[in-house]
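One structure is given here, and the rest of the page talks about it.
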Amino acid sequence: MSLSEAEKLFFKAVSTFKEGNIIAAADLFSEIASKYPDIGKAHGYLGLLYFDYFKDPVIAEENFKNAISSSPEFTESYLYYAQLLLSQERFAEMNAHLNKVSEIPGVKKNEVYELFGRMNELMGKYDEAIDFYKKAIKYSFSDEDIVSYEKAMARCNTKKKYV
């Protein structure tokens with residue numbers, strides 16, 4: 001079974017992105033999104049590019065929403081979108097979004113709980129944040145991530161001293 005033209009173009013776009021050629025990757029993902037609108041992964045990556053590199057949260061959000069609706073199995077889009085909501089301190093929306101996302105099979109639970117932790121930390125709810133970082137540890141298979149979550153808990157404990 002050979003790859004379709006859309007799949008070939010998508011793999012080329014991801015490779016281009018991983019090589020650090022952001023503009024060329026954005027062009028390729030845009031081409032895929034316009035030619036093959038049902039390939040939501042392209043929208044997910046476009047959202048990430050607009051959020052992280054082009055600093056345009058409006059276009060990023062539009063792409064994340066398109067990715068989620070057209071390719072709900074591409075779970076990274078849910079996490080990218082949650083990061084956008086966090087960056088804009090849209091806590092109520094983020095909380096509702098993460099509650100739904102935590103029930104989706106295949107989503108990285110450790111990352112969901114880390115985002116819950118970061119949201120609560122940013123809101124000054126340090127004990128709740130620590131509880132979420134503990135849950136993130138429970139679902140993590142990465143020693144590096146576990147160390148990061150432990151540092152986040154220590155940071156929360158430090159912050160509690162100053163409230």
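The values are calculated or read from the model by the stated rules, or taken from the named source; none is laboratory data. All of these numbers come straight from a predicted model, not from anything done at the bench. FYI the Cβ positions are ideal-geometry reconstructions off the backbone, even for glycines, and counts take in every protein chain you see. Quick note on the areas: whole protein, heavy atoms, side chains included, nothing else; ligands and nucleic acids left out. Shrake-Rupley method; radii C 1.70, N 1.55, O 1.52, S 1.80 Å.
Working only within region 79-127, note down all residues that are of a type in the set (Asp, Glu) and surrounded by fewer than 16 Cβ atoms within 10 Å (Cβ to Cβ).
Glu89, Glu93, Glu103, Asp127
Restricting attention to region 128-163, and to residues there that are aromatic (Phe, Trp, Tyr) and within 22 Å of the chain's Cα centre (by Cα), which single residue is most open to solvent (accessible area, probe 1.4 Å)?
By that ranking, first place goes to Phe141.
Cβ-Cβ distance below 8 Å, separation of 6 or more or different chains: which pairs start in region 88-107 with a residue that is closer than 16 Å to Ser71 by Cβ and at pLDDT below 95 and end on one that is of a type in the set (S, T, N, Q) and open to solvent by 40 Å² or more (accessible area, probe 1.4 Å)?
none
Restricting attention to region 11-29, which residues are surrounded by fewer than 18 Cβ atoms within 10 Å (Cβ to Cβ) and part of a helix (DSSP H, G or I)?
Phe11, Lys12, Val14, Ser15, Lys18, Ile22, Ile23, Ala24, Asp27
Conditions: (1) assigned to a helix (DSSP H, G or I); (2) surrounded by fewer than 14 Cβ atoms within 10 Å (Cβ to Cβ); (3) touching a residue at least 24 places away in the same chain (Cβ under 8 Å). Lys8 meets all but one. Number of the miss?
(3)
Test Asp145 against the criterion of being over 25 Å from Gly44 (Cβ atoms) and part of a helix (DSSP H, G or I), and give yes or no.
no
Find the helices (runs of 4 or more DSSP H) located wholly in region 30-124 whose residues include 3 or more that are more than 11 Å from the chain's Cα centre (by Cα) and farther than 26 Å from Cys156 by Cα, and list them.
In region 30-124, 40-52, 57-70 are the helices (runs of 4 or more DSSP H) which contain 3 or more residues that are more than 11 Å from the chain's Cα centre (by Cα) and farther than 26 Å from Cys156 by Cα.
Output the number of the condition that Ile68 fails; it satisfies all remaining conditions of (1) free of Cβ contacts under 8 Å to residues at least 24 places away in the same chain; (2) crowded, with 18+ Cβ neighbours inside 10 Å; (3) of a type in the set (A, V, I, L, M).
Failing condition for Ile68: (1).
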